[in-house]
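The values are calculated or read from the model by the stated rules, or taken from the named source; none is laboratory data. Since we're looking at a predicted model, the values are computed, not measured. We place every Cβ from the backbone using ideal geometry, glycine too, and count neighbours over all the protein chains shown.
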């Protein structure tokens, strides 16, 4: 811990700038995650996520700034970093040896840390069980024969085999179906709770934010947003409580009519003929809202009370809902 | 004091032992991967069986008419000796008996024979001119025969001239026309005293280097560029040098297995007995494979894709073969590892030379291997952005 600031931060970047030739890839980037938290680094193409990841894995040294992983100065102690950092790459082909099972892969990767065979097997089975590999048969199935979601989970097991303090995942949701994405994020939450490992997820979608304790959004090499998703949601009226309303039909004119309903502060189009409606503070009243819809000639088919996600916050944020933070409206998530 | 010393040694050597353990695990991983790779298994086991099997055909003289040189003989001589003998007919008989590896075809028309030679239907035309018998019998006027050869068939020329010369020498001795001449008697003591089309002792030095270097190149040229999860493994404490050392050792072990298969077939099936020791033969074969492994690893490290590695493999292997078979400059040939291996194998199997006797070939072969292996290490260390 000698190089680390005296705190419980497991991931910390302080004023990191990365320049490659004359191009600035990261500029004065600072963020952190405390021990046992899940941190999401989110950004679109060219935001600087990959560079951030390479800095965190000590593959490139920042031009300026400091980087710490679990107290280890990444820029100076690259070898020590290998012991305390687990890494889960995005491409399937890099993740594991296709002809070997999840257990066998874990064995070979564990051996690179000179762990005893029995410990590797015990730990691999424990992690795989948390990750939903219920049977021995599944654990011994060749990696190439696993489904997309199973492969990703097997890869996570490999990343955790040496009991690292921090697990770094590079776009783990890429290529997965919607339900598998949610499933994987839940598994990661379980791992985080049961093993106490600090998790850092590099992602390009906002979905990850709802499972994270802390998020950082990068835009063109700079930090656009950094903080706890919960605290952002508190900025929304009624602490983020809102209604999902499905209409028989919803035209642009209908949306203009919704804008004129007084108790509504914000709304978002969240699906075909569906809105997410945020009433003003103190006006969170379903009956009043229904009356207003009918008064404006709108016919709601379904109504349900729900909570805002970070994605909702971010969309409102990008649309200029919070006037003080208008400077990053053009963040483009592909 | 002793305990403290032991403790210090243990602490100091811990990284080394850690590295050795990792190399051990990496070797196991490589071998298990190879055993699950069908193409690699084919190259390791089936290829030597097929090639060594083909070499065995030579041992059992499984030859066809195509393997013989065909000489058209046109006898224009009608003269006879005082004893009413035709020495031209006697020469043809000697050719039937002593022109080894040749088939004698009597013909009438010279033009037709030359046409057939042009068409590569035959390999030579021998004309015995009118007056051959009378001139020879007179012992005053020299007698000639006219031999027309295919100038593009370098290998055949030697055999045909040797056959004709043998027949003439036998004729001279049989009919006592050797009074004032020294007739050279030639005998091939290498590679085999036995006469025939070919011999396994000729094919072994030629084919084995091609087989071992080729097989090693095929497998190792894909070993780094195709090992994509290695990029992830290099983010663990496993170092690049450990990965390459493990690959080198693994492929050497596989080559050793391959050599054992080849030797097993040669010795048990074809009763192949090297004149020198089996150990010397084994050392030369391992060195030959080592060259293929080193070059293959270098190719694999510098390639950016499997396809590129395949292209480099074909280019380098063809270059080695072309230098061996088609470049007539000895100074260049001597630097071709295939030629070096060929000479070394021939020396230990057919002449019984020791490793010290063939020290220069051994050193060159090892030097080339060390050179490419060093380049592979350097290129691997310089390679960036693995993940």
### Residues being surrounded by fewer than 16 Cβ atoms within 10 Å (Cβ to Cβ) and either in contact with a helix residue (DSSP H, G or I) (Cβ under 8 Å, 6 or more places away or on another chain) or assigned to a strand (DSSP E or B) (or both) - total across the range A:264-273
2
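Would you tally the residues in the range B:239-249 being within 18 Å of residue A:110 (Cβ to Cβ) and part of a helix (DSSP H, G or I)?
As a first pass, look at the range B:239-249 and keep what is within 18 Å of residue A:110 (Cβ to Cβ): B:239, B:242-243, B:246.
Checking which are part of a helix (DSSP H, G or I) leaves us with B:242-243, B:246.
Within the range B:239-249, residues that are within 18 Å of residue A:110 (Cβ to Cβ) and part of a helix (DSSP H, G or I) number 3.
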### Message
I'm told residue A:27 meets every condition in (1) assigned to a helix (DSSP H, G or I); (2) touching a residue at least 12 places away in the same chain (Cβ under 8 Å); (3) over 20 Å from residue A:163 (Cα atoms) except one. Can you identify the failing condition by its number?
### Response
(1)
### Query
Does residue B:219 count as over 12 Å from residue B:40 (Cβ atoms), touching a residue at least 24 places away in the same chain (Cβ under 8 Å) and either more than 13 Å from chain A (Cβ to nearest Cβ) or outside any helix (DSSP H, G or I) (or both)?
no
### Message
Can you tell me which of (1) more than 23 Å from the chain's Cα centre (by Cα); (2) surrounded by fewer than 18 Cβ atoms within 10 Å (Cβ to Cβ); (3) within 30 Å of residue A:139 (Cα to Cα) is the one residue A:20 doesn't meet?
### Response
(3)
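Within the range B:250-262, is even one residue part of a helix (DSSP H, G or I) and within 14 Å of another protein chain (Cβ to nearest Cβ)? So that I can check it myself, show each step before the final result.
Keep residues of the range B:250-262 that are part of a helix (DSSP H, G or I), which gives B:250-262.
Add one more test, that the residue is within 14 Å of another protein chain (Cβ to nearest Cβ), and what stays is B:250.
Yes, that holds for at least one residue.
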#### Entry: Considering residues of the range A:105-123 that are free of Cβ contacts under 8 Å to residues at least 12 places away in the same chain and more than 7 Å from chain B (Cβ to nearest Cβ) only, the residue nearest to the chain's Cα centre (by Cα)
A:122
### Query
If you go through the range A:228-246 one residue at a time, do you hit one that is under 13 Å from the mean Cα position of the chain (by Cα) and either more than 21 Å from residue A:54 (Cβ to Cβ) or at pLDDT below 90 (or both)?
yes
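So which residues in the range B:75-102 are under 18 Å from residue B:168 (Cβ atoms), surrounded by fewer than 17 Cβ atoms within 10 Å (Cβ to Cβ) and in contact (Cβ under 8 Å) with a residue 12 or more places away in the chain? Outline the logic, then answer.
Going through the range B:75-102, the residues under 18 Å from residue B:168 (Cβ atoms) turn out to be B:75-77, B:79, B:81, B:85-102.
Restricting the remaining residues to those that are surrounded by fewer than 17 Cβ atoms within 10 Å (Cβ to Cβ) gives B:76, B:79, B:81, B:85, B:89, B:93, B:96-97, B:100.
Across the range B:75-102, the qualifying residues are B:76, B:79, B:81, B:85, B:89, B:97, B:100.
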### Query
Could we say that residue B:64 is exposed (fewer than 13 other Cβ atoms within 10 Å of the Cβ), under 30 Å from residue B:110 (Cα atoms) and modelled with pLDDT of 85 or more here?
no
### Task
Go through the range A:60-80 and count every residue that is within 10 Å of another protein chain (Cβ to nearest Cβ), outside any helix (DSSP H, G or I) and out of contact with any helix residue (DSSP H, G or I) (no Cβ under 8 Å at 6 or more places or on another chain).
0
### Query
When you go through (1) touching a helix residue (DSSP H, G or I) at 6+ places or on another chain (Cβ under 7 Å); (2) surrounded by fewer than 23 Cβ atoms within 10 Å (Cβ to Cβ); (3) not in a helix (DSSP H, G or I) one by one for residue B:273, which number turns out not to apply?
(1)
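Yes or no: residue A:235 assigned to a loop (DSSP other than H, G, I, E, B), over 25 Å from residue A:73 (Cβ atoms) and either without any contact (Cβ under 8 Å) to a residue 24 or more places away in the chain or touching a helix residue (DSSP H, G or I) at 6+ places or on another chain (Cβ under 8 Å) (or both)? Steps first, answer last, please.
Values: assigned to a loop (DSSP other than H, G, I, E, B): yes; over 25 Å from residue A:73 (Cβ atoms): yes; either without any contact (Cβ under 8 Å) to a residue 24 or more places away in the chain or touching a helix residue (DSSP H, G or I) at 6+ places or on another chain (Cβ under 8 Å) (or both): yes.
Yes, satisfied.
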### Query
If we keep just the residues of the range A:174-208 that are at pLDDT below 90 and either in contact with a helix residue (DSSP H, G or I) (Cβ under 6 Å, 6 or more places away or on another chain) or not in a helix (DSSP H, G or I) (or both), which is surrounded by the fewest Cβ atoms within 10 Å (Cβ to Cβ)?
A:177
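Suppose we filter the range B:150-171 for residues that are surrounded by fewer than 17 Cβ atoms within 10 Å (Cβ to Cβ) and touching a helix residue (DSSP H, G or I) at 6+ places or on another chain (Cβ under 9 Å); how many remain? Steps first, answer last, please.
As a first pass, look at the range B:150-171 and keep what is surrounded by fewer than 17 Cβ atoms within 10 Å (Cβ to Cβ): B:151-155, B:158, B:161, B:165.
Those left that are additionally touching a helix residue (DSSP H, G or I) at 6+ places or on another chain (Cβ under 9 Å): B:151, B:153.
Selection size over the range B:150-171: 2.
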### Query
Among the numbered criteria (1) buried (at least 18 other Cβ atoms within 10 Å of the Cβ); (2) away from every other protein chain (no Cβ under 14 Å); (3) outside any helix (DSSP H, G or I), which single criterion is violated by residue B:236?
(2)
### Task
Please work out which one of (1) within 14 Å of chain B (Cβ to nearest Cβ); (2) in contact with a helix residue (DSSP H, G or I) (Cβ under 6 Å, 6 or more places away or on another chain); (3) touching a residue at least 40 places away in the same chain (Cβ under 8 Å) is the condition residue A:156 fails and give its number.
(2)
### Query
Of everything in the range A:35-49 that's part of a strand (DSSP E or B) and in contact with a helix residue (DSSP H, G or I) (Cβ under 9 Å, 6 or more places away or on another chain), which residue is surrounded by the most Cβ atoms within 10 Å (Cβ to Cβ)?
A:41
### Message
Just to confirm my filter: which helices (runs of 4 or more DSSP H) fall fully inside the range B:1-100 and include at least 1 residues that are over 30 Å from residue B:135 (Cα atoms) and more than 14 Å from every other protein chain (Cβ to nearest Cβ)?
### Response
B:2-35, B:47-59
### Message
Considering only the range A:31-54, I want to know if a residue exists there that is over 26 Å from residue A:183 (Cβ atoms) and facing chain B (nearest Cβ under 10 Å).
### Response
yes
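From A:83, A:99, A:93, A:150, grab the single residue that is more than 8 Å from every other protein chain (Cβ to nearest Cβ) and either more than 30 Å from residue A:24 (Cβ to Cβ) or in contact with a helix residue (DSSP H, G or I) (Cβ under 8 Å, 6 or more places away or on another chain) (or both).
A:150
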